[in-house]
Amino acid sequence: SEHLRKVLCGRAAPYIIVEEEEKMSTKKRRKVIAGNWKMNMTPTEAKELAKGVYEQVKGKKGCDVVVCVPFVDIPAVAQIVKGTIIKLGAQNVHFEEKGAYTGEISANMLKDCGVQYVIVGHSERREYFGETDETVNKRAKAALNAGLTAIICVGEKLWERECGITAEVVSLYDIPEEQMQNVIIAYEPVWAIGTGKTATNEQADEVCGIIRSVVSEKYGKQVAKQLIVQYGGSMNAKNAEGLLAMENIDGGLIGGASLKPADFGVIVSAAQ
Ligand code: PGA
């Protein structure tokens with residue numbers, strides 16, 4: 001029991017500690033289903049969508065549900081999801097704490113609005129807004145330092161260049177081990193995003209497994225075993241169950257289907 005553990009941990013009892021470690025390593029990871037609304041929904045529309053999502057996911061337990069909404073929708077959606085199982089996320093964050101960075105939003109601003117998760121390094125940001133592993137890393141650190149969970153997206157390069165995976169996980173490079181519990185990695189093959197072409201269950205699982213082993217090399221087995229690795233790219237109501245059943249896939253980052261409450265609800269059920 002917790003009480004026993006507290007009492008015993010204060011004493012020299014190595015056999016107890018070993019037992020604890022074994023338990024930790026076999027602990028099942030929770031699943032995290034995150035909707036990425038992208039640049040969709042005015043605040044008025046966002047309220048309606050958030051209500052629709054709530055109707056579909058209420059009462060569902062066993063996985064974390066997040067909606068990552070446009071910045072201006074945050075206050076409206078925060079009102080709707082408050083006190084529900086739905087957690088609030090943003091789609092980007094600036095790396096500086098404050099100052100003369102016209103047009104940017106800081107991690108503390110997000111935090112103050114009730115945001116708990118933030119996507120960083122989405123392939124659309126890398127492609128259209130010049131994001132690099134270096135800026136993604138800085139944004140992730142700013143998010144983590146503010147106490148947010150960072151959903152770090154890694155994309156196709158690692159699939160194309162079988163062994164080149166370290167290049168993308170560079171986004172992690174000086175993130176301290178103790179902050180890794182607030183890191184989620186989303187594997188999103190670019191060719192699968194918004195195209196209706198999903199990676200097969202096996203393809204997606206394989207790359208998610210490679211990501212886990214790269215993290216294991218850097219941070220050790222325990223961190224890697226607990227790391228949440230999501231798949232993203234045309235995940236939908238039909239294919240979610242198969243993908244989410246795979247050993248290394250701990251959830252999804254969902255674009256198109258997250259705008260359809262009934263479909264999103266089916267994906268959340270599949271994750272349970
Ligand atoms: P999609 O987008 O589900 O529409 O393919 C996924 C994403 O870009 O996060």
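The values are calculated or read from the model by the stated rules, or taken from the named source; none is laboratory data. Please read all numbers here as calculations on a predicted model, not as lab measurements. Counting neighbours? That spans all protein chains shown, and the Cβs are built from the backbone with ideal geometry, glycine included. Each accessible area value is taken on the protein alone, full model and side chains, heavy atoms only, with ligands, DNA and RNA left out. Shrake-Rupley method; radii C 1.70, N 1.55, O 1.52, S 1.80 Å.
Within the stretch 84-93, can one find any residue that is farther than 24 Å from His122 by Cβ, among the polar types (S, T, N, Q) and either in a helix (DSSP H, G or I) or at pLDDT below 95 (or both)? For the stretch 84-93, residues farther than 24 Å from His122 by Cβ, among the polar types (S, T, N, Q) and either in a helix (DSSP H, G or I) or at pLDDT below 95 (or both): absent.
Screening Asp174 with (1) at pLDDT 85 or above; (2) open to solvent by less than 20 Å² (accessible area, probe 1.4 Å); (3) more than 16 Å from the ligand (Cβ to nearest atom) gives one miss only, at (2).
Reported count of residues in the stretch 190-226, each being open to solvent by less than 30 Å² (accessible area, probe 1.4 Å) and part of a loop (DSSP other than H, G, I, E, B), is 3. Identify, please: which residue in the stretch 221-272 is more than 15 Å from the ligand (Cβ to nearest atom) and free of Cβ contacts under 8 Å to residues at least 40 places away in the same chain and is, among those, farthest from Gly196 (Cα to Cα)? Per the stated criteria, the residue is Ala224. Hey, among Ala271, Ala240, Ala245, which residue is surrounded by fewer than 20 Cβ atoms within 10 Å (Cβ to Cβ), in contact with a helix residue (DSSP H, G or I) (Cβ under 8 Å, 6 or more places away or on another chain) and modelled with pLDDT of 95 or more? Exactly one of Ala271, Ala240, Ala245 is surrounded by fewer than 20 Cβ atoms within 10 Å (Cβ to Cβ), in contact with a helix residue (DSSP H, G or I) (Cβ under 8 Å, 6 or more places away or on another chain) and modelled with pLDDT of 95 or more, namely Ala245.
With respect to (1) free of Cβ contacts under 8 Å to residues at least 12 places away in the same chain; (2) surrounded by 22 or more Cβ atoms within 10 Å (Cβ to Cβ), the lone exception for Val120 is condition (1).
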